[in-house]
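The next block holds one structure in the form of structure tokens; read it before the comments.
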Amino acid sequence: MKIIHIDQKYPEDWIRVLNHIANLFFEDSKLKIEPDEADMSASFEYLVGDDFSIATRAVLNVNGKQYTNDYSIQYESVATDRELNIRIKRALSHVFLDVLEQHTGMHQQWGILTGVRPTKLYHKFRKAGKSEQEIAKLLIRDFRLSEEKVALLKEIVDRQLITIPDIDHIGQEISVYIGIPFCPTKCAYCTFPAYAIGSNRKQGRVTTFLDGLHIELREMGKWLKDNDMKITSIYWGGGTPTSIEADEMDALYQTMYESFPNPETIREVTVEAGRPDTITPEKLEVLKKWGIDRISVNPQSYTDETLKAIGRHHTVQETIDKFWLARESGMNNINMDLIIGLPNEGIEEFQHSLEESAKMQPESLTVHTLSFKRASEMTRNKDKYKVADRDTVAEMMEMAQIWTKEHDYVPYYLYRQKNILGNLENVGYSKTGEESIYNIVIMEEVQTILGIGCGASSKFVHPETGKITQFHNPKDPAAYIMTFEEAIEKKIELLNELYEV
């Protein structure tokens, strides 16, 4: 752990933000108030002017060397207490990032942005009436983004506006996420609800969970029908929704379409079939029966040794075989995921994954950068998993950008995570016209996402103010079975309040 000693006690939310900045440079860091003779110490100054200006200064001392930076910004209007607090934190982050860059020699292309949704910031400026040039200037000057990242954000936002022309008004509609919490096994990097289906079926939890899910689908569908709510998109996730049996899938889709209003107007339905070892001809026939042709078949890697290391009990060949099985059965919009920085993988292995992807040409390819999520097996046993260094993962991301452009894919959504290798990003690429509507609306938080099922998170987005209220269904199947009726009541209460029913 890297300890950075600071000169005085600051508000807790300031410390948290500055700690995020420090974590961009050091794998783990902590800010403490300690004596001046510490090996690494930082001091900060800030001044709020009567003319709405803010000036900050940071001094970093490391083993006798000193690094300094000054920053000032002039705002056009007075701020509320909350907004002023945000402005000060941003200005302090600006100078702290600079002195750490001076000390380490690292350049952070995402600047002071440590949040999940950079494109949401771009949309905010766009909707405020700012031009492309003004937005670029703001992102570079005030948030320290590189020109390359600004250009990426612009390209993604442009594509989103083509895919969903009514994106600024889609808050009047709703999308639905349905969670199935079972997988054949749990991957080492995963923190999603993913419980071994074999043992849970033996204990009767799969059947009991599905009984509860049918009830929740009907009850939430009734509210949607009664209030004439239009559904934009539906996403079946988990876990792996195709880990249950074909007849169980069939029954769920029947309940969904019988319960939800105007199914013919739903723009998109996706079923996450990410584990190739769960895909069968019978399950594909069920998807075809219900007109669902957007699925994910996720290799993550095309190296068998990597798949074993991360706990995926299928082979590379099985991924390839199941992709072609899905294609031949009529799946016309297949997504595949690759993960940069998996254990023991470098340039050669990732190049091989890209070459294999080229043979299949899926409609969309999502390139994730490995993130050490707090509750994952990989994080708990970091010493066991050797991953690529910062420069290597950056080169791999550049390889992905070049490859997707050469094969006519365009970036259409992006998100970032804490503890992501190289402080990089996750980018969804697609062939033109094959973008996922659900991926866009959930990342940009432009409409309510109603979560149904185990581990499903609901985000209630006010259609006018954009204020977000969250509600989380239990992740554990046993807990879901005990409480799903209470969850239904709470979500209906929140929906009534949101839409003034």
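The values are calculated or read from the model by the stated rules, or taken from the named source; none is laboratory data. Note that the structure is a prediction, hence the values are computed from the model and not measured. Quick reminder, even Gly has a Cβ in these numbers, built from the backbone with ideal geometry, and neighbours come from all protein chains shown. The protein model used for the area step is the full one, side chains on, heavy atoms only, and it has no ligands, DNA or RNA in it. Shrake-Rupley method; radii C 1.70, N 1.55, O 1.52, S 1.80 Å.
For residues in the range 321-346 being in a helix (DSSP H, G or I) and among the hydrophobic types (A, V, I, L, M, F, W, C), which is most open to solvent (accessible area, probe 1.4 Å)?
TRP324
Any residue at all in the range 144-163 that is over 17 Å from the mean Cα position of the chain (by Cα), part of a loop (DSSP other than H, G, I, E, B), touching a residue at least 60 places away in the same chain (Cβ under 8 Å) and surrounded by fewer than 16 Cβ atoms within 10 Å (Cβ to Cβ)?
Scanning the range 144-163 turns up no residue that is over 17 Å from the mean Cα position of the chain (by Cα), part of a loop (DSSP other than H, G, I, E, B), touching a residue at least 60 places away in the same chain (Cβ under 8 Å) and surrounded by fewer than 16 Cβ atoms within 10 Å (Cβ to Cβ).
Residue-wise test of (1) open to solvent by 10 Å² or more (accessible area, probe 1.4 Å); (2) at pLDDT 95 or above; (3) not in a loop (DSSP other than H, G, I, E, B).
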residue: ILE215; (1), (2), (3): yes, yes, yes
residue: GLU219; (1), (2), (3): yes, yes, yes
residue: LEU224; (1), (2), (3): no, yes, yes
residue: MET229; (1), (2), (3): yes, yes, no
residue: ILE234; (1), (2), (3): no, yes, yes
residue: THR242; (1), (2), (3): no, yes, yes
residue: MET249; (1), (2), (3): no, yes, yes
residue: LEU252; (1), (2), (3): no, yes, yes
residue: TYR257; (1), (2), (3): yes, yes, yes
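Which pairs turn up if I take residues in the range 214-239 that are under 19 Å from ASN335 (Cα atoms) and look for partners that are assigned to a helix (DSSP H, G or I) with beta carbon separation below 7 Å, at least 6 apart in sequence or on another chain?
What qualifies is SER233/ILE437; SER233/TYR438; SER233/VAL441; TYR235/TYR438.
Quick one: in the range 468-500, which of the residues that are farther than 21 Å from GLU444 by Cβ, outside any helix (DSSP H, G or I) and open to solvent by 100 Å² or more (accessible area, probe 1.4 Å) is modelled with the highest pLDDT?
Restricting to residues being farther than 21 Å from GLU444 by Cβ, outside any helix (DSSP H, G or I) and open to solvent by 100 Å² or more (accessible area, probe 1.4 Å), the top hit is LYS475.
For the range 2-118, give me every one of the strands (runs of 3 or more DSSP E) that falls completely inside it and has 3 or more residues that are out of contact with any Phe, Trp or Tyr (no Cβ under 6 Å at 6 or more places or on another chain) and basic (Lys, Arg).
The strands (runs of 3 or more DSSP E) meeting that bar number zero.
Criterion first (within 26 Å of GLU155 (Cα to Cα) and either surrounded by 15 or more Cβ atoms within 10 Å (Cβ to Cβ) or of a type in the set (Phe, Trp, Tyr) (or both)) does LEU113 satisfy it? Reasoning before the result, please.
Values: within 26 Å of GLU155 (Cα to Cα): yes; either surrounded by 15 or more Cβ atoms within 10 Å (Cβ to Cβ) or of a type in the set (Phe, Trp, Tyr) (or both): yes.
Considered against the rule, which asks whether it is within 26 Å of GLU155 (Cα to Cα) and either surrounded by 15 or more Cβ atoms within 10 Å (Cβ to Cβ) or of a type in the set (Phe, Trp, Tyr) (or both), LEU113 comes out as yes.
Can you name the residue in the range 122-138 that is open to solvent by less than 80 Å² (accessible area, probe 1.4 Å) and without any contact (Cβ under 8 Å) to a residue 24 or more places away in the chain and is also nearest to the chain's Cα centre (by Cα) among such residues?
Among those that are open to solvent by less than 80 Å² (accessible area, probe 1.4 Å) and without any contact (Cβ under 8 Å) to a residue 24 or more places away in the chain, it is PHE125.
Here are some residues: ASP277, ASP321. Which one is among the charged types (D, E, K, R) and more than 27 Å from the chain's Cα centre (by Cα)?
Details: ASP277 fails: more than 27 Å from the chain's Cα centre (by Cα).
The unique qualifying residue is ASP321.
Residues to consider are GLU318, GLU355; find the one that is open to solvent by 30 Å² or more (accessible area, probe 1.4 Å), farther than 30 Å from GLY291 by Cβ and in a helix (DSSP H, G or I).
GLU355
Collect the residues in the range 180-213 that are touching a Lys or Arg at 6+ places or on another chain (Cβ under 9 Å) and in a strand (DSSP E or B), keeping them in residue-number order.
The answer is PHE182, CYS183, TYR195, ALA196.
What do you reckon, is ASP158 modelled with pLDDT under 95 and acidic (Asp, Glu)?
For ASP158, the condition - modelled with pLDDT under 95 and acidic (Asp, Glu) - is not met.
Name the one entry in ASP39, ASP13, ASP28 that is among the acidic types (Asp, Glu) and over 26 Å from the mean Cα position of the chain (by Cα). Step through it out loud before you land on a result.
Working: ASP13 fails: over 26 Å from the mean Cα position of the chain (by Cα); ASP28 fails: over 26 Å from the mean Cα position of the chain (by Cα).
Residue meeting the stated conditions: ASP39.
Confirm whether GLU147 is at pLDDT below 95 and charged (D, E, K, R).
So GLU147 does not fit the description; no.
Can you find, within the range 172-192, the residue that is surrounded by the most Cβ atoms within 10 Å (Cβ to Cβ) among those that are more than 17 Å from SER436 (Cα to Cα) and at pLDDT 95 or above?
ILE180
Just to be sure I understand the filter: pairs with C-beta atoms under 8 Å, separated by 6 or more residues or on different chains, first member in the range 400-416 and more than 24 Å from LYS120 (Cα to Cα), second member open to solvent by less than 10 Å² (accessible area, probe 1.4 Å). Which pairs pass?
TRP403/LEU354; TRP403/SER357
Is there a residue being assigned by the TED database to the domain that holds CYS183, exposed (fewer than 15 other Cβ atoms within 10 Å of the Cβ) and either part of a loop (DSSP other than H, G, I, E, B) or at pLDDT below 95 (or both) anywhere in the range 286-293?
Yes; the residues of the range 286-293 include at least one that is assigned by the TED database to the domain that holds CYS183, exposed (fewer than 15 other Cβ atoms within 10 Å of the Cβ) and either part of a loop (DSSP other than H, G, I, E, B) or at pLDDT below 95 (or both).
Consider THR366 carefully, then state whether it is assigned by the TED database to the domain that holds GLN317, at pLDDT below 95, out of contact with any Lys or Arg (no Cβ under 9 Å at 6 or more places or on another chain) and not in a loop (DSSP other than H, G, I, E, B). Break it down stepwise before answering.
On the way: assigned by the TED database to the domain that holds GLN317: yes; at pLDDT below 95: no; out of contact with any Lys or Arg (no Cβ under 9 Å at 6 or more places or on another chain): yes; not in a loop (DSSP other than H, G, I, E, B): yes.
The answer is no for THR366.
Would you say THR465 is surrounded by fewer than 16 Cβ atoms within 10 Å (Cβ to Cβ), modelled with pLDDT of 95 or more, of a type in the set (Ser, Thr, Tyr) and farther than 24 Å from PRO241 by Cβ?
Answer is no for this residue.
Condition test on GLU434, is it without any contact (Cβ under 8 Å) to a residue 60 or more places away in the chain and not in a strand (DSSP E or B)?
It is false that GLU434 is without any contact (Cβ under 8 Å) to a residue 60 or more places away in the chain and not in a strand (DSSP E or B).
So that you can scan it fast, the table gives a plain yes or no per residue for (1) of a type in the set (A, V, I, L, M, F, W, C); (2) touching a residue at least 40 places away in the same chain (Cβ under 8 Å); (3) in the same structural domain as ASN19 (by the TED database); (4) open to solvent by 40 Å² or more (accessible area, probe 1.4 Å):
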position	(1), (2), (3), (4)
ALA58	yes, yes, yes, no
VAL62	yes, yes, yes, no
SER72	no, no, yes, yes
THR80	no, no, yes, yes
ARG87	no, no, yes, no
LEU97	yes, yes, yes, no
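How about the range 119-143: which of its residues are at negative phi and either assigned to a loop (DSSP other than H, G, I, E, B) or in contact with a strand residue (DSSP E or B) (Cβ under 7 Å, 6 or more places away or on another chain) (or both)?
Once the filter is applied, which keeps residues that are at negative phi and either assigned to a loop (DSSP other than H, G, I, E, B) or in contact with a strand residue (DSSP E or B) (Cβ under 7 Å, 6 or more places away or on another chain) (or both), the range 119-143 yields THR119, ALA128, LYS130, SER131, ASP142.
Considering each of ASP7, ASP50 in turn, give the residue that is charged (D, E, K, R) and open to solvent by less than 80 Å² (accessible area, probe 1.4 Å). Before the answer, list the steps.
Working: ASP50 fails: open to solvent by less than 80 Å² (accessible area, probe 1.4 Å).
From the options ASP7, ASP50, the qualifying one is ASP7.
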